[in-house]
Structures are given as C-alpha cells and as structure tokens.
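Student: Pasting a structure below so you can have a look.
The values are calculated or read from the model by the stated rules, or taken from the named source; none is laboratory data. This structure is a prediction, so every number in the text was calculated from the model and none was measured. Every residue, glycine as well, gets a Cβ built from its backbone with ideal geometry; the counts of neighbours run over all protein chains shown.
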Number of protein chains: 2
Amino acid sequence: MGAREREIRPEWLPRGVRVAGVHCGVKAATQARDLALFVSDGPAVAVGTFTTNRVVAAPVVRTRALVPTDAARAVVVNSGNANACTGEQGMKDAEAMARMTAARIGCAPEQVLVCSTGLIGVPLPMQAIERGIDEAARQLDDSVQSWRDAARAILTTDTTTKVAASGGEGPRVFGLAKGAGMIAPRMATMLAFLFTDARVRDPERLQKVLQAVVSETFNCITVDGHTSTNDTVLLLATGASEQEVDAEALSCGLLTVCTELARQIVADGEGATKLVTVCVEGADSSRDALLAARAIAESLLVKTAIYGCDPNWGRIVSAAGYSGASFQPELVSVRINGVVVYDRGRPVPFDRRALSEAMRQSKEITLQVHLGGGSQRCTFWTCDLTEAYVRFNAEYS
Amino acid sequence: MGAREREIRPEWLPRGVRVAGVHCGVKAATQARDLALFVSDGPAVAVGTFTTNRVVAAPVVRTRALVPTDAARAVVVNSGNANACTGEQGMKDAEAMARMTAARIGCAPEQVLVCSTGLIGVPLPMQAIERGIDEAARQLDDSVQSWRDAARAILTTDTTTKVAASGGEGPRVFGLAKGAGMIAPRMATMLAFLFTDARVRDPERLQKVLQAVVSETFNCITVDGHTSTNDTVLLLATGASEQEVDAEALSCGLLTVCTELARQIVADGEGATKLVTVCVEGADSSRDALLAARAIAESLLVKTAIYGCDPNWGRIVSAAGYSGASFQPELVSVRINGVVVYDRGRPVPFDRRALSEAMRQSKEITLQVHLGGGSQRCTFWTCDLTEAYVRFNAEYS
C-alpha cells in the first residue's frame, strides 16, 4: 500500500539492546541490507512462537529448541535466503551463524538465536554471512539509525519497514517485523522481533503470554493463506530498565505492538491496495468465530470484491457458510464500513453507489459479520487481491 | 481456456428423456438461454448430492428433501438467478416452479426437481420463469440440438458448454454441467445433471454410488475454493433401455463422466489458461492425501507460479507442509510434468529453462507429489490464477 518508511522515536527503544543492519551480499543482486544483529547487554529472557508448517527451515528447528530461555544474548537474522529445504547442510550453517556471532560478542553459541528468510532450497552463502556478522558486530549501537538499518535488513519483498511501540504507561515494548505474502523462491516469511527492557523472571509464563498474544494478532492475518517454513516471532526481555514485572503485565503492550505490526504486514501485502478488517461477532464459540473470520478473510472472491469496491455481501455470507462455523443463516447480519447491507438473513436496500464510492475513497475496509448467536468474537486482518499480486507472483520465471 | 463448444453425439444420449433449453428473460440483459427442462418419459430413479454450505438456496432445500426417489419425472433449471438468500419467498418460488412444470407435463409437483443458479439475493422473476417453462414444455424432444440448447441454458459465467459420455461397454451414462468459479452477484455455482437409461431398482444404493463418485470428482476440483450456496449434482436413471443393472454397475461410467465434467469445469475456470492435475501419492491415509492435494490445488502461490510457468517446487512442498497432512518432510519428492525437481527432501538440479518452456507450451500441467509414506493417493484438479480472474471478479462494481 504505502511505501513511506515508519518513523522510529528514541523514546520507543528498549534499553540494554544494541543493534546493526548491514549489507553482506546474501541479496547478491542489490545493495540492500541483508543481515541484522540484535545484542542484549546481559542475559535476556527469550521466548518465541514458530511456524506450524511441517516443512521447517533449519534455523527454526534450532531456535525452537533453545527457547524459552533466560540467557539469550543475541538474535542474528539474514534476509535473501531462508536456509530451508537444504538438508543437513542447513543445520550446520545455522549452527555456524550462531558460533560466528557468539565469538564476536563473547557468549556461548546456545545464547544466539538464528533466523533466516528469503529463497528456499539454496545453501546459505556462508562467506557473505561471516562478513556480515563481522561488520554488524563492529557497528553495534543503540541509535535510532541502527534500529532503522536493522528494520530494513530483515525485509525481503516488503515495500517498507514495519515497526511499532507500546506507548502509554506500563513496560515498554518495541517491535519490528517483516511481511508475509509469498514463499520460495521469491519468498517472504513473517518474522517479528519484540523487545522489552522490563525484567521478567519466568520465561515459561512469558512464553504463554506471547502465545496468547500471537494467537490474536499474527495468527489472525492472511495475505494469501500460505504459512511459510520460516515464520518466527521472538520476544526478548533484557531487564535493563530494572523494572521487574509479571509476565502478564506485558500482555497489554505486546498486544498493542503485535496488532500494529500485524496490520502493517497486511497493509504491505503484495499488490495490496486496501487493509481489510474482518470482525465476526455473535458466535457460539471462539472456534466458530475464528473459522468464519478466517474463511471470509481468505476468500478470493471477497478479496477481489474489495479490490473492485463492491459491497458484495453474498460472497461474505457464503464464505461464512462454508467455513465450518456453526450458525443459523437466518440470523446473520453484515455491515460494510458501518453500513447494514444484510440483516438477519435478508439483503436490505442500501445506496450501493454511495457505499462503493466510500470504499473507493478509503484505504481501510471493515467487514462486520454478526452470526446472531452467542457472545464470542474474532478479528482477522487481510488485504485485497489485485492483478499486481498475480503479476508479482507469476512473472519472474 | 478454450471456448470451443463440445460436440454431442447422438449415440451418447440416454433413451427416455426429452429436453429443451430456452431464453425466457431471467438473464434480462442478454438473449442467452436461461431455462432448461429435462423430462423422463416415465418415473425415474433420481439421486443427488448437494452443497455443504450452511447457507443454502431454496431450490436446494426443496430438491434435497425429495431425493432419493424412484418417481422423478422432471428437472427444471434456471440460470441467471440463484434464488438464494431470498427468505420465505424463495421457497414459495421454488415450489411454484415445480407446480408449473408438473402442470405442463402431467405429474405431481413432488416429481419435479428444481435447480437455480445465478445472482444471489434477488427474487426470481416468476413471470419470466413461467413463460420459460411454457415454452420449454412445448419444445421438448430428444434431438441433439435440444440437448445442446439445454447444455447452454444452464450456463452462467462459463465460456462454453460441458458435456461428457461414458462410452465403451456397460450402461450408458451422459452428463452435462455448468462451471464453478465465483458466486454472487455474478455467480456461478457448480451444477451437473447425469442421465442413464439403465434400470436401477434401489435408489438408496444408487445414492451411495453417486456420493462415492462425487467425492472423487466434483469434490476434488477447485477454482477459488469458494463452495457455493447452490451446488447440486443430480442423477436420473430412466430405465428406458430396459437394461436392469445393479447400482454398482454404474460406478465406472459415472466416474468417467464425472471426471471429464470436473476437468471441463476447471479448464473453464474464470481467467484460467491451464488445467492443473495434482496427484498426491505415498500418503499414510486417504485423508492425508486429500489434505495435501487440496492445499496444493488451492494455494494462490502454486496457482500463480503455474500461470508464470515457474517450476516452483518450494511453493508445492510448503503447501503440503501447512495442509495438516501427516508426513516426513525428508521423504517428499515432487515431479512437475514428469520431471523430478525435488527428491526425498532435497532440491535436485534440473533444466529450469526447458521445464518452464515445456509448461508454457502445455495447456495441462501435472504436479506429482510423493509423500514417501503409505499407499494412499488423491487426485485434485485446479487451474492457474491469472490477472483475468482478478479483473473478472473485481471490475464490475
């Protein structure tokens, strides 16, 4: 959608973390940054959530085995190559990335978490990676510029960086992410790195808090329904603020940051022109709400209708119908950008021309679906499906 | 894909059925045929399978309640209007269509099966429908031309008719279908009408045979994953050939006809340029095979890669990975149009340029995925995803 880079404010930044983002040559064809390094001054609590794909990249296998932990020191990330489907070599390379990083910053390899994103099925160019880790380790600092460099260095097909901060009272949470939208060989997986300088004693509880937040945010977005082999969300709590908090105290700030990053990812979906929020309410169970919301958000016909600024309640209602959610069709109501278009099982007259024009004017579209049952709800975010998406994913061979 | 109309051969036609296809004005904007009538000379065994969507059109509710039966006399079908989401009026109109037809051909309304396909949420124009039933009843005969008219009269966004015959030995089975690819308001649901002149005594057993065949054919195709409110497959056995057979004796002919119609539907998917056959083999269970095949066939990234003639095994493997199917990633192999591109968990070198060029030259693409486990398999058919699909489904508001 928009390609304007997000501002990073100094007061957002977590204390106790130094970062760098460099170009080392994994993205061989460009001069774009392709390696980011995040280093905690001391041992940090680290928790994470990972792709549910059965086919999993080597760095995910390794990092997944290391969290939760209370002794993480660094996260090293390369973009341009996913180190996925590369057999035993992949595991060796992920280990080597950790070892190189550990040597530069002075810790054990197990204290380094590794992420990769980019092309599938191609071995990592380890000489470039080593150069990048060297360079990044030399550049580490806590400046806004370095955070901006790191935010750029994790991108693949994204058009702009994705950053968000919790703001307000409560422990400070800052996050950066890269977008979803495709996978090998042009690749993008969803990666997010979250930081807080609060001190958290219990990694296991923090892991649960992160999982709950991710289930309502990053697990409720879709660009094309394709779960990658590399999706990873990591949260590091450095404790540098000396502010000791319960893991639960972080949930509000995490929810703010993850919701914002999730929306930024969808808004920057490949070829997207509109950010679509699907709110399903009045469901008998949270599972019914999720099923209906996901089916609507993933429907090609709903997504193309949005692109065409068409207030097409029929596609929305029928997507809910095949979603597997249990509901009574004669009680369903639909609002598009606040306008009732379908009320308790019946289409209602509305000014189609005016609503379509309003959709055309708006970068954000809201689809509210009330299933007419219980009190459960689910919000899902998606984008429209455009010819640009098809071109982007087809025209490179 | 191709818009050439399929030939109908006289020897294909089932004895004991007279048909007509007329224009009555449901498709108000064109002179296209929009009402088909199929009449069995005597009471026919009729069985059917229907959409699994929770939101179901009135004619589906009515017809579903009437089969299996051994006393069907007619099927009346209108295109251009789905009679879906029209409240109680919808049921009244479906009943009226049956009553009008019954009066013209001399039977009880319960002997008439009704189908509608087209716009959702708009009441049926019953004056036009009545005119159409009158006209069709007058024109009924068993000529090739009338079958061709009927095959045209059930279409909505299809570019061409879909017909198939069983051929060879065994009871004669003939079928016609209309395509899937979208739903309201521009609409297309999948409808298929199958006829045999064999005599079958047991409607319940025939129902089971039809269900088994549909599960391997019409339930294994996808254009955009959207299950409509109106999908219906009806099979009528007129008995006019006096050849008495077990229901099971029909399964082979039915499978031939339904497979062929299913493939024709996918090949004529909106905007499609290629017919894609996804064969998943080596699965531990038939469910695993189905899950993997469906996920690959529905993947936007796989479908856009095919459009781009890109032999992208990464998208195929990762779609299997998130499908929910159980398998060991290190045992998976993939062939594209017969060429091994991924072997037991590893990419293998192949001539990418040559394979891409071969894909470009071919209207049909085969993706074979061996999961490296048991002996279960599933075949799924889909088409590529093109800019034309997006334009078609977006640019009408």
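Student: Of the numbered conditions (1) at pLDDT below 95; (2) in a strand (DSSP E or B); (3) of a type in the set (A, V, I, L, M), A:Leu176 satisfies every one except a single condition; which is it?
Tutor: Answer for A:Leu176: the failing condition is (1).
Student: Another question, then. Answer yes if at least one residue in segment A:294-306 is of a type in the set (Val, Ile, Thr), over 25 Å from the mean Cα position of the chain (by Cα) and either buried (at least 24 other Cβ atoms within 10 Å of the Cβ) or in the same structural domain as A:Asp158 (by TED's automatic domain parsing) (or both), and no otherwise.
Tutor: No: zero hits.
Student: Answer with yes or no whether A:Arg54 is among the charged types (D, E, K, R) and within 14 Å of chain B (Cβ to nearest Cβ).
Tutor: yes
Student: Let me ask something else about it. Anything in segment A:315-364 that is of a type in the set (Ser, Thr, Tyr) and more than 27 Å from B:Thr51 (Cα to Cα)? List them, or say none.
Tutor: A:Ser356, A:Ser362, listed by residue number.
Student: Please list, ordered by residue number, the helices (runs of 4 or more DSSP H) wholly in segment A:228-326 having 3 or more residues that are farther than 19 Å from B:Gly225 by Cβ and away from chain B (no Cβ under 11 Å).
Tutor: The qualifying helices (runs of 4 or more DSSP H) are A:251-267, A:286-298.
Student: Check B:Ala128, B:Ala136 and return the single one that is surrounded by fewer than 24 Cβ atoms within 10 Å (Cβ to Cβ), at pLDDT 95 or above and among the small types (Gly, Ala, Ser).
Tutor: When all the criteria are applied, what remains is B:Ala128.
Student: Restricting the search to segment B:51-62, which residues are in contact with an Asp or Glu (Cβ under 9 Å, 6 or more places away or on another chain) and surrounded by fewer than 18 Cβ atoms within 10 Å (Cβ to Cβ)?
Tutor: B:Thr52
Student: Taking the stated definitions as given, is B:Asp134 acidic (Asp, Glu), farther than 23 Å from B:Ile8 by Cα and part of a helix (DSSP H, G or I)?
Tutor: When the stated conditions are applied, B:Asp134 passes them.
Student: In addition: Looking at segment B:208-244, which of its residues are within 28 Å of A:Glu330 (Cβ to Cβ) and acidic (Asp, Glu)?
Tutor: Result: B:Asp224, B:Asp231.
Student: Also: Just to be sure before I move on: is B:Gly324 in the same structural domain as B:Arg287 (by TED's automatic domain parsing), within 30 Å of A:Ile306 (Cα to Cα), surrounded by fewer than 21 Cβ atoms within 10 Å (Cβ to Cβ) and without any contact (Cβ under 8 Å) to a residue 40 or more places away in the chain in the structure I sent?
Tutor: Answer is yes for this residue.
Student: Another question about this same structure. Are there any pairs, at least 6 apart or on different chains, whose C-beta atoms fall under 6 Å, with the first in segment B:148-165 and assigned to a loop (DSSP other than H, G, I, E, B) and the second among the hydroxyl-bearing types (Ser, Thr, Tyr), and if so, which?
Tutor: Cβ pairs passing all conditions: B:Ile154/B:Ser79; B:Thr156/B:Ser79; B:Thr156/B:Thr117.
Student: Sticking with this one: Might you check whether a residue that is touching a strand residue (DSSP E or B) at 6+ places or on another chain (Cβ under 9 Å) and assigned to a helix (DSSP H, G or I) occurs anywhere in segment B:219-227?
Tutor: The answer is yes; a qualifying residue exists.
Student: Considering only segment A:120-131, state which residues are small (Gly, Ala, Ser) and more than 24 Å from the chain's Cα centre (by Cα).
Tutor: A:Ala128
Student: Output the residues belonging to segment A:277-289 that are surrounded by 24 or more Cβ atoms within 10 Å (Cβ to Cβ) and within 20 Å of the chain's Cα centre (by Cα).
Tutor: A:Val278
Student: Further question on the same structure: Determine, yes or no, whether B:Gly121 is buried (at least 19 other Cβ atoms within 10 Å of the Cβ) and either over 14 Å from B:Val60 (Cα atoms) or in the same structural domain as B:Ala46 (by TED's automatic domain parsing) (or both).
Tutor: Answer is yes for this residue.
Student: Here is a follow-up. Condition test on B:Arg104, is it crowded, with 22+ Cβ neighbours inside 10 Å, basic (Lys, Arg) and away from chain A (no Cβ under 14 Å)?
Tutor: Considered against the rule, which asks whether it is crowded, with 22+ Cβ neighbours inside 10 Å, basic (Lys, Arg) and away from chain A (no Cβ under 14 Å), B:Arg104 comes out as no.
Student: While we're here: Do you know which of the residues in segment B:27-41 that are modelled with pLDDT of 95 or more and buried (at least 19 other Cβ atoms within 10 Å of the Cβ) is nearest to B:Gln243 (Cα to Cα)?
Tutor: Here the answer is B:Ser40.
Student: Somewhere in segment A:1-18, is a residue in contact with a helix residue (DSSP H, G or I) (Cβ under 8 Å, 6 or more places away or on another chain), crowded, with 24+ Cβ neighbours inside 10 Å, closer than 27 Å to A:Thr159 by Cβ and away from chain B (no Cβ under 14 Å)?
Tutor: No: segment A:1-18 contains no residue that is in contact with a helix residue (DSSP H, G or I) (Cβ under 8 Å, 6 or more places away or on another chain), crowded, with 24+ Cβ neighbours inside 10 Å, closer than 27 Å to A:Thr159 by Cβ and away from chain B (no Cβ under 14 Å).
Student: Another question about this same structure. Confirm whether A:Glu110 is surrounded by fewer than 19 Cβ atoms within 10 Å (Cβ to Cβ), farther than 19 Å from A:Val45 by Cα and either more than 16 Å from the chain's Cα centre (by Cα) or outside the structural domain of A:Thr382 (by TED's automatic domain parsing) (or both).
Tutor: No, not satisfied.
Student: If you check B:Ile129, B:Ile154, B:Ile133, B:Ile120, which single one turns out to be among the β-branched types (Val, Ile, Thr) and within 14 Å of chain A (Cβ to nearest Cβ)?
Tutor: B:Ile120
Student: A:Trp381 fails exactly one of the following numbered conditions: (1) closer than 26 Å to A:Asn219 by Cβ; (2) assigned to a loop (DSSP other than H, G, I, E, B); (3) not β-branched (Val, Ile, Thr). What is the number of that condition?
Tutor: All conditions pass for A:Trp381, except number (2).
Student: To continue, here is another question. How many residues does segment B:349-397 hold that are crowded, with 18+ Cβ neighbours inside 10 Å, at the interface with chain A (Cβ under 9 Å from one of its Cβ atoms) and either free of Cβ contacts under 8 Å to residues at least 40 places away in the same chain or not aliphatic (A, V, I, L, M) (or both)?
Tutor: Number of matching residues: 9.
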